[in-house]
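To start, the structure itself, in structure tokens.
Every number here is computed from the coordinates shown, using simple stated rules; none is lab data. Keep in mind the model is a prediction, meaning the values are calculated, not measured. Neighbour counts are summed over all protein chains in view; Cβ atoms, including those assigned to glycine, are modelled from backbone coordinates with ideal geometry.
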Amino acid sequence: MLNFTTNENLPLIKAPSLIVGGGMVGLTLALMLAKKGLPVIILEAVKYPENTESTPYYSSFDARNTALSRRTVQIFTDLGLWSVLQEFATPILQIHISEQGSFGKARLDATQEGLESFGQVIENAWLGRVLLSQVRANQLITLIDGVNVTELTQDHEFVTINAVKTTSEDASDSFNVKSPILIAADGRDSFCRRALGVGVDEHDYGQVALVTTVQTSVLHEQQAFERFSPQGPLALLPLCGENRRSIVWTVPTGTEQEWLGDANDARFLDALQVTFGNRAGRFEKTGKRFAYPLSQVLAQRQAIGRVVLMGNAAHTLHPVAGQGFNLCIRDAQVLTNTLAVQAEQGDDLGDHTMLTNYEKSRLTDQKRVIRFCDSIVRGFTHSNPLLKLARNTGLLAFDVFPGAKQMVANYAMGLKV
Ligand SMILES: Cc1cc2nc3c(=O)[nH]c(=O)nc-3n(C[C@H](O)[C@H](O)[C@H](O)COP(=O)(O)OP(=O)(O)OC[C@H]3O[C@@H](n4cnc5c(N)ncnc54)[C@H](O)[C@@H]3O)c2cc1C
């Protein structure tokens, strides 16, 4: 599949299609393209281990857990991956929403909504191991990891990038890749987006997400909780093992240092108990905490010549409702179908009009999800007493009116079908 020539003394690889960024989105997209018979090269900065049996944490595949919507689970099923992924996935059967110090609360029950589950929680590290081994085994995918893309140019026929080996001391240890299309899935601070001069609309929430795994005295029984506290929203998701739960706790930037580090385990567990109450019993043990600064980043354009932005490079959301990855995967599915039709017709995979049409077709879904996440964060972090009353009555009304429940069931925690 690879065709090496040289250009300006550097080795040149000609790629039928190219993804920059082999994180959760880049690897999934490559598998989707391959499933449609489209060969692809992925360039990834992290040097992944050869043996994925005991993969420690890597950028995208870190200590986090991801709530997968039913549609995302269906996509992984269609890719033939779900039977393996589900070994470390936990279904969500109930969702409880409440606010600390308020009487309003709401409950969603999958059985009452006529669903098998609201979705599944999976450990990113496991998702990474499975995606990586599938990508490596796929004849149509070439993963070149441990390389940093540092230059990007394009003309009417090709996009050309320069990639430098991150493992080499020698700065000249680099090569070029030329492709009719480049899909930039290189994360929130996307090099490709910056190289193309694409601006972003950015909102810094002044918050960080503290992420960890805890053990509780009460079994989780596949229940997920979203608790709004004065510091910020706190999400508890059920994990494999009957009393293991994932925590995503949003706190104001600057306060996270209080909770990081092994010495602060006991204080963290106490604070969690006070904020969450006793619904999960006692918080008995905590894992290491990791902190993620939170901002909303939206690229002002997603199709630029022969380049299309994907994943966090296109939009990065607040994780409050667990929507980010699910939205990225819906984008990836639409792009894959578009490119498959283009290939079938023998047309140019990097055709700008086609990529612009793809972008337009995704904007409604993207804007709706972005508004939804943003309004939850803003609506629940305001301490105005009138707003608090509105939230209380809102949550009560929500518990009473089935229509309202169904609407939130569709969106909450990334579970929109
Ligand atoms: C705390 C938290 C909890 C979340 N929970 C959920 C959830 O429950 N459900 C949900 O749907 N979403 C969730 N999300 C969102 C989800 O994690 C993101 O949408 C997803 O990780 C985006 O993946 P990505 O591959 O686009 O970006 P990234 O994970 O950032 O991957 C980008 C990749 O590109 C590589 N790269 C970067 N620059 C270069 C370069 N120059 N050259 C080569 N490679 C490069 C990086 O090494 C990396 O591997 C959560 C996010 C956070 C912060």
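Taken one residue at a time, the phi angles of region 369-377 give Karplus couplings (6.51, -1.76, 1.60, θ = phi - 60°) of 5, 4, 4, 4, 4, 5, 5, 5, 4 Hz. Gly and Pro are set to x.
Taking amide H as placed 1.01 Å from N in the peptide plane, Asp186 has its amide H under 5 Å from the amide H of Met310, Ala313, each at least 5 places away in sequence or on another chain. With a threshold of 26 Å on the Cα-Cα distance, the over-threshold entries among Lys35/Lys360; Lys14/Lys360; Lys35/Lys367; Lys178/Lys367; Lys36/Lys360 are Lys14/Lys360; Lys35/Lys367; Lys178/Lys367.
Post the alpha-carbon centroid distance, region 214-228 to region 239-255, in whole angstrom. Region 214-228 and region 239-255 have Cα centres spaced 10 Å from each other. If you take the square roots of the eigenvalues of the alpha-carbon gyration tensor of region 9-89 and sort them as a ≥ b ≥ c, do you get rounded (a/c under 1.5), prolate (a/b over b/c) or oblate? Since a/c reaches 1.5 but b/c is at least a/b, the shape of region 9-89 is classed as oblate. Going from the residue with the fewest nearby Cβ atoms within 10 Å to the one with the most, Arg107, Arg244 rank Arg107, Arg244. Counting other Cβ atoms within 10 Å as a rough exposure proxy, the listed residues Leu355, Leu38, Leu18 run Leu38, Leu355, Leu18 from fewest neighbours to most. Counting beta carbons within 10 Å around each of His156, His315 and listing the fewest first gives the order His156, His315.
For region 352-362, the Karplus equation 6.51 cos²θ - 1.76 cosθ + 1.60, evaluated at θ = phi - 60°, returns couplings of 5, 4, 4, 5, 5, 5, 4, 4, 4, 5, 9 Hz by residue, with Gly and Pro reported as x. Each peptide among 134-146, 174-186 gets the average number of other Cβ atoms lying within 10 Å of its residues, and from highest to lowest they stand as 174-186, 134-146. Multiplying the residue separation of Arg194 and Glu242 by 0.36 nm and subtracting their alpha-carbon distance yields 12.8 nm. Once you have a ≥ b ≥ c as the square roots of the Cα gyration tensor eigenvalues for region 107-178, tell me rounded if a/c is under 1.5, and otherwise prolate or oblate according to whether a/b is larger than b/c. Prolate, because a/c is 1.5 or more and a/b exceeds b/c. What FRET efficiency, computed as 1/(1 + (r/R0)^6) with R0 = 56 Å and r the Cβ-Cβ distance, is obtained for Val218 and Asp173, rounded to the nearest 0.05? It comes out at approximately 0.55.
Highest average first, the peptides 308-314, 263-269 ordered by how many other beta carbon atoms sit within 10 Å of their residues are 308-314, 263-269.
Dipole magnitude for region 105-156: about 220 debye, using +1 per Lys or Arg Cβ and -1 per Asp or Glu Cβ, origin at the Cα centre.
Averaged over residues, the count of other Cβ atoms within 10 Å places the peptides 25-37, 284-296, 246-258 in the sequence 25-37, 246-258, 284-296, highest first. For region 60-179, the residue among Phe88, Ala110, Val135 whose Cα projects farthest onto the positive side of the dipole built from Cβ charges is Ala110.
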